[in-house]
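Participant: Pasting a structure below so you can have a look.
The values are calculated or read from the model by the stated rules, or taken from the named source; none is laboratory data. The model shown is predicted, which means the values in this text are computed figures rather than measured ones. Using ideal geometry, Cβ is built from the backbone for each residue, glycine included, and neighbour counts are taken over all protein chains shown.
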Amino acid sequence: MNIFRIFIKEMKSNFRDSQTFIFFLAFPIILMTILGTALTNAFTDGVTIDNEMKILYKNEGNKELAVYFKAFTSEALNHGFQFAEENNADKGITAVKENEVAAFIVLGNEGVDVYGSDINTIESGVIQGLMAGFANQYSLLQQKINPVIAEEIPNDFILTSSLNGKEQPDSMDYYAVSMAVMLSFFSLYASYQLFRGEKTLKTSVRLIAAPITKGEVLIGKMAGSFTMNAFFILVLIFFSKYVFGAEWGEHLWMVLMILFSLILFAICLGIAISFVAKTPEATASISIFFVQIACFLGGVYFPIDTSSGSLFSFFASFSPLTWSNEALREIIFAQNVAAGYPVILINIVIAAACFFIAVWHLHRQEGL
Amino acid sequence: MNVLEINQLTKKFGQFIAVDGVSLAIMEGEIFGFLGANGAGKSTTINMIAGLLKISKGEIKLLGKDLKRNSKYVKKNIGLVPQDIAIYEDLTALENVKFFAGLYGLRGNELNKNAIEALDFVGLGDKQKSYPKSFSGGMKRRLNIACAIAHQPKLIIMDEPTVGIDPQSRKHILESVKKLNSNGCTIIYTSHYMEEVEAICSRIAIIDHGKVIAEGSKEQLISLITDAKDIQVEVKDAADFDLKEVNELNGVRSVQTEGNVIQIYSDAEVNNLNEIILHFMKKKVEIRSLKENAPNLETVFLTLTGRKLRD
């Protein structure tokens, strides 16, 4: 009951603060509008592919598929797609990572795996489209020859085992996801104040003097902060979907799970920082630094190619926003729901570690 | 019946001993004054009673129950009015009182009724739906009290509840304290204003360097220093006056100035008034008035601790 009381109090305080709405809602929406509009061309128009695209493939399917694919590649060559066989999968994937080829494709009776370069490369989207076309044609051909087999071919033939192949998101799609991720991580700003705020207001004295436990205060405050941030995320998602037409895919529950796990991560991290840092100024500085660097590296403001192998991309891969962003795009644009589970797990594990740091400090110190 | 018993209470911060073996018993229905200069250990003692600080050694019992073993019970029966105003600016007055009283286990109609009564009690009954940001300092202080009394505790701890407020609000608060006491509450009251403590407290403890150095009623404390007298000399200009020389006069224990008033504490049995006057004349300091006061709590405090309460 005490947890509920503290939760309700947190909700009242948060929703009565106009600055909270400006910071947590207006700011991401405005940023999404500006960036999404200003960078439209960077995502959609004005891109030409001058050189031939090299694609490696490995055929693990039946003979029939091999024959048909051979014919398909001959036709594709006329359009600038140069296919070469590579039976060693490791070599094929390495060639993609090192940007020697645009993609590595594994053909199988169950589906087509496309090991493409990062989402931000145009080639990946083009090859995705090409292979989708192949899948459709192959499906139709099978229907003509053997209708029974055609029915057995799954609808997501091209997508089931695709790793990096995606529909190409437009700028508004990109920034809708980025802003949602950024907003989730902004929870850190709200959470580092949860206990510092009580100290500033001197109300921590009353909370400690009351017959409640520090744990109840911690959980109540975290629940309040989580609910507020989750609410803002939902508003942002629906706003971007219905006002800007942003794509959120068919697995919204999984998208929300990732974003909520990121909120939990940020809240626990913020609380841990507020306990570890000695002064309110240090807490604020560390939190601001952490959020801004994570946003920057996480591709919130502009897309970052994490597979380029550069030092920058190396650091970018450590940003929780990077892995959350990438997982969300996998789910939204490649229907790859499984990409979400490891990210949720990582977010929750780090949140748990931060939570235990906070609990340890809270238990050790006198007062809040 | 003792509401609160403190035995050999000690608090250490590293090597520093802030409270050193304090023992006290506070009886039901008392207004117990806690006097001590800054850093004397008074707030640390109060914070241990309220459960804000852990006890290094000793024990605190409320209504016979040990704080360490029955923390929830003890806390439930204590109301704390902190020295700093501790309220939420984004909650209305009623919401503030209800939130804090709710943490003490009050629910539903009882919570609502008690919260409204607490606001009425401190004279904020008509401000239930107002936000504290629109309140004066005195009103905030009163809301600070309401938040501590709505759950109807047996013991109320008031730590400097009248700091920085206007005389009207101070009067209201002091009357509220008396009224709470007449309703059956036991109160621990600390203040830097000696006159407040003299006016409302039935018993007083003087704490210095972490120890209780005197305890009793006002009269009992004053009777401890029958060997001292308090001489006040008002001069035209005390700015460059050398207090050290006065301190060396026969029988003088200590000298302090407050504006142009020089306060001399001296042995009661030494007749040194003439000597003091002569010294002022010799130094060509114009005397405006001179009076010998009967000992009061201020005298007692100064005599026992060697410093003024507000030092």
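Participant: What residue, of A:LEU163, A:LEU201, is at pLDDT below 90, in contact with a strand residue (DSSP E or B) (Cβ under 8 Å, 6 or more places away or on another chain) and aliphatic (A, V, I, L, M)?
Facilitator: On the way: A:LEU201 fails: in contact with a strand residue (DSSP E or B) (Cβ under 8 Å, 6 or more places away or on another chain).
Sole residue among the options that is at pLDDT below 90, in contact with a strand residue (DSSP E or B) (Cβ under 8 Å, 6 or more places away or on another chain) and aliphatic (A, V, I, L, M): A:LEU163.
Participant: Does region B:6-16 contain at least one residue that is part of a helix (DSSP H, G or I), more than 9 Å from chain A (Cβ to nearest Cβ), under 27 Å from B:PHE301 (Cβ atoms) and of a type in the set (S, T, N, Q)?
Facilitator: Within region B:6-16, not a single residue is part of a helix (DSSP H, G or I), more than 9 Å from chain A (Cβ to nearest Cβ), under 27 Å from B:PHE301 (Cβ atoms) and of a type in the set (S, T, N, Q).
Participant: Here's a follow-up. Output the number of residues of region A:1-12 satisfying the condition of being under 10 Å from A:SER225 (Cα atoms) and within 10 Å of chain B (Cβ to nearest Cβ).
Facilitator: Let us first name the residues in region A:1-12 that are under 10 Å from A:SER225 (Cα atoms), namely A:7, A:10-11.
Then keep just the ones that are within 10 Å of chain B (Cβ to nearest Cβ); that gives none.
Residues flagged as under 10 Å from A:SER225 (Cα atoms) and within 10 Å of chain B (Cβ to nearest Cβ) within region A:1-12 amount to 0.
Participant: Within region A:237-249, which residues are surrounded by fewer than 15 Cβ atoms within 10 Å (Cβ to Cβ) and not charged (D, E, K, R)?
Facilitator: A:PHE238, A:TYR242, A:VAL243, A:GLY245
Participant: Across region B:89-112, what is the total count of residues that are facing another protein chain (nearest Cβ under 8 Å), within 19 Å of B:LEU155 (Cα to Cα), in contact (Cβ under 8 Å) with a residue 40 or more places away in the chain and not in a helix (DSSP H, G or I)?
Facilitator: Of the residues in that region, 2 qualify.
Participant: Say we look at region B:253-284 and pick out the residues that are surrounded by fewer than 17 Cβ atoms within 10 Å (Cβ to Cβ) and of a type in the set (Val, Ile, Thr); which of these is nearest to B:GLU160 (Cα to Cα)?
Facilitator: By that ranking, first place goes to B:THR257.
Participant: Still on this structure, I have one more. Can you tell me which residues in region B:38-88 are out of contact with any strand residue (DSSP E or B) (no Cβ under 7 Å at 6 or more places or on another chain), surrounded by fewer than 16 Cβ atoms within 10 Å (Cβ to Cβ) and facing chain A (nearest Cβ under 10 Å)?
Facilitator: The answer is B:LYS54, B:SER71, B:LYS72, B:ASP84.
Yes or no, residue by residue, for (1) surrounded by fewer than 18 Cβ atoms within 10 Å (Cβ to Cβ); (2) within 14 Å of another protein chain (Cβ to nearest Cβ):
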site: A:GLY215; (1), (2): yes, yes
site: A:PHE232; (1), (2): no, no
site: A:VAL235; (1), (2): yes, no
site: A:HIS251; (1), (2): yes, no
site: A:SER261; (1), (2): no, no
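Participant: Against the conditions (1) within 14 Å of another protein chain (Cβ to nearest Cβ); (2) touching a helix residue (DSSP H, G or I) at 6+ places or on another chain (Cβ under 9 Å); (3) charged (D, E, K, R), where does A:ASP173 fall short? Just the number, please.
Facilitator: (1)
Participant: In region B:113-147, what count of residues is obtained for those that are touching a His at 6+ places or on another chain (Cβ under 9 Å) and within 11 Å of chain A (Cβ to nearest Cβ)?
Facilitator: Of the residues in that region, 0 qualify.
Participant: State yes or no: is A:GLU326 modelled with pLDDT of 85 or more, among the acidic types (Asp, Glu) and closer than 13 Å to A:VAL181 by Cβ?
Facilitator: yes
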